[in-house]
Amino acid sequence: MNAKAEPVAVLGAGSWGTALATLLARKGHAVTLWGRDEAIAAAIDGRHENPRYLPGIALPENLRATTDLAAALKDAAWVLVATPSHAFAETLRKLSPLRPPRAGVAWATKGFETGSGRFLHEVAEEILGPTVPLAVVTGPSFAKEVAQGLPTALTVHSDDAGFAQVVAGAMHGPAFRAYTGDDMKGAELGGAMKNVLAVATGVADGMQLGLNARAGLVTRGLNEMLRLAAAIGAKPETLMGLAGLGDLVLTCTGDLSRNRRLGLALGKGRSIDEAVREIGQVVESIQTADEVMRQAEKNGIDLPISRAVQQVLHGDLTPVDGLGQLLAREQKAEYPKTLFS
Ligand SMILES: NC(=O)C1=CN([C@@H]2O[C@H](COP(=O)(O)OP(=O)(O)OC[C@H]3O[C@@H](n4cnc5c(N)ncnc54)[C@H](OP(=O)(O)O)[C@@H]3O)[C@@H](O)[C@H]2O)C=CC1
Ligand SMILES: O=C(CO)COP(=O)(O)O
């Protein structure tokens, strides 16, 4: 089904904001991409390229870019936020007074609020108020591949089924499948946790521990997602789907992942600072590891892989000691009885 072409504002002109704006513009929507960097906005508008975040990829000529937030939001039917988690609340505070009255707000940000560990939908509700339609856009989707038009599936979760359909319908087809769901908590949890778990598989691969180790970490990582999901009242199927398992597999195994690449560098003995500098883009796991563990502690859940990643990222544990700590854990049942009952 082809959704009605509508004006959309995309906030954040990094790799993901630019790729999603490109997808929507190619579908015929009047997209305005807002970013804070004049040179990047001018390059997107003038030569149809984002030279910093998606170099060499031709962007659609109907995609407009600006550094003027009010102008980007003026006629928007709905808004898609794609700034990193550390800038999420700040972006919503700027957007709130400028939002057209009926415009719902979706976000493709992955992570929790930095410093508090709050879910992003809780932050959005607080800043925008209880009546604004909200949606989470998530799933296995590297920006570069979406911008290149390669087939991709993702999912849009909202408490407002109509708004989820507006957002998914705007993105769906012909090489892009957008599903819908109603579990914002589970969708946000999966997108945040997979970034932390990707560091673990990256470390193992960087240490050349083999394919068995990688599969073990992915599977036990999924187990960590499912146990925390159960504790916070998220739906297990959300974590078994695109928002959880799908993105976990992509990020743990795909070398386009910045979180995996951080892990690979650490596993090869490089420093975090050096690796982050070289990656040159957002690496969400650095903040998210602390926030995942804050959620785990709040809910009384033990997450050994995520904890080891947090300790390695803080420099409290070497990758070798982290691995030793995981392997030395007591033998136990694969699933607690309560997980799926
Ligand atoms: N890239 C991907 O494949 C995917 C990314 N995501 C998620 O999307 C979010 C954004 O990541 P991504 O686009 O990849 O990151 P990038 O590093 O590619 O770009 C980050 C963008 O955010 C901007 N930014 C940073 N701080 C602020 C701020 N305070 N106010 C306004 N803009 C700001 C940067 O602007 P400047 O250049 O001026 O610093 C830049 O445009 C993350 O949560 C990520 O996990 C989700 C799915 C896929
Ligand atoms: O979220 C992503 C793919 O779904 C992008 O992952 P990275 O942030 O690790 O590059």
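Do we find a residue being part of a helix (DSSP H, G or I), within 16 Å of ligand 2 (Cβ to nearest atom), more than 13 Å from Arg227 (Cα to Cα) and under 19 Å from the mean Cα position of the chain (by Cα) anywhere in the range 304-311? Yes, there is a match, as at least one residue in the range 304-311 is part of a helix (DSSP H, G or I), within 16 Å of ligand 2 (Cβ to nearest atom), more than 13 Å from Arg227 (Cα to Cα) and under 19 Å from the mean Cα position of the chain (by Cα). In the range 105-114 there is at least one residue that is touching a helix residue (DSSP H, G or I) at 6+ places or on another chain (Cβ under 8 Å), modelled with pLDDT under 95 and open to solvent by 40 Å² or more (accessible area, probe 1.4 Å). Among the residues of the range 117-130 satisfying the criterion of being hydrophobic (A, V, I, L, M, F, W, C) and touching a Ser or Thr at 6+ places or on another chain (Cβ under 9 Å), which is farthest from ligand 1 (Cβ to nearest atom)? Ranking the qualifying residues of the range 117-130, first place goes to Leu128.
Listed by position, the helices (runs of 4 or more DSSP H) inside the range 151-256 whose residues that are more than 16 Å from ligand 2 (Cβ to nearest atom) and more than 30 Å from Glu278 (Cα to Cα) number at least 1 are 161-171, 184-206, 211-232, 236-240.
Counting the residues of the range 133-147 that are open to solvent by 10 Å² or more (accessible area, probe 1.4 Å) and among the hydrophobic types (A, V, I, L, M, F, W, C) gives 3. Would it be correct to say that Ala76 is assigned to a loop (DSSP other than H, G, I, E, B) and more than 18 Å from Gly244 (Cβ to Cβ)? Yes: the conditions hold for Ala76. The residues of the range 97-116 that are assigned to a loop (DSSP other than H, G, I, E, B) and within 15 Å of ligand 1 (Cβ to nearest atom), listed by number, are Ala108, Thr109, Lys110, Gly111, Phe112, Glu113, Thr114, Gly115. Filtering the range 259-285 to residues that are surrounded by 22 or more Cβ atoms within 10 Å (Cβ to Cβ), within 14 Å of ligand 1 (Cβ to nearest atom) and not in a loop (DSSP other than H, G, I, E, B) leaves Asn259, Arg260, Arg261, Leu262, Ser285.
Per the conditions (1) out of contact with any Lys or Arg (no Cβ under 8 Å at 6 or more places or on another chain); (2) away from ligand 1 (no atom under 16 Å from the Cβ), the sole criterion not satisfied by Ala289 is (2). Residues that are open to solvent by less than 10 Å² (accessible area, probe 1.4 Å), under 15 Å from the mean Cα position of the chain (by Cα) and away from ligand 1 (no atom under 16 Å from the Cβ) do occur in the range 182-201. Which of the residues that make up the range 67-91 are more than 10 Å from ligand 1 (Cβ to nearest atom) and open to solvent by 30 Å² or more (accessible area, probe 1.4 Å)? Within the range 67-91, Asp68, Ala70, Ala71, Lys74, Asp75, Ala77 meet the criteria. Pairing residues of the range 249-270 that are more than 16 Å from Val283 (Cα to Cα) and outside the structural domain of Val283 (by the TED database) with residues that are open to solvent by 70 Å² or more (accessible area, probe 1.4 Å) and not in a loop (DSSP other than H, G, I, E, B), at Cβ distances under 9 Å and at least 6 apart in sequence or on separate chains, gives no pairs at all. Among the residues making up the range 236-258, those that are open to solvent by 50 Å² or more (accessible area, probe 1.4 Å) and within 13 Å of ligand 1 (Cβ to nearest atom) are Asp255, Leu256, Arg258.
Please find, within the range 1-41, the residue that is nearest to Glu284 (Cα to Cα) out of those that are near ligand 1 (Cβ under 10 Å from one of its atoms) and part of a strand (DSSP E or B). Step by step, filter the range 1-41, then rank; the result is Leu11. Within the range 291-305, the residues that satisfy the criterion of being touching a residue at least 40 places away in the same chain (Cβ under 8 Å) and buried (at least 19 other Cβ atoms within 10 Å of the Cβ) are Glu291, Val292, Gln295, Ala296, Leu303, Ile305. In the range 134-158, the residues that are farther than 14 Å from Ala21 by Cα form Cβ pairs under 7 Å with partners that are basic (Lys, Arg) and more than 9 Å from ligand 1 (Cβ to nearest atom), at six or more places apart or across chains, as follows: Ala153/Arg177.
The values are calculated or read from the model by the stated rules, or taken from the named source; none is laboratory data. None of the values given here were measured: they were computed from a predicted structure. Methodologically, a virtual Cβ is constructed for each residue, glycine included, from the backbone with ideal geometry; neighbour enumeration extends over all protein chains shown. SASA here: full protein model, heavy atoms, side chains in, ligands and nucleic acids out. Shrake-Rupley method; radii C 1.70, N 1.55, O 1.52, S 1.80 Å.
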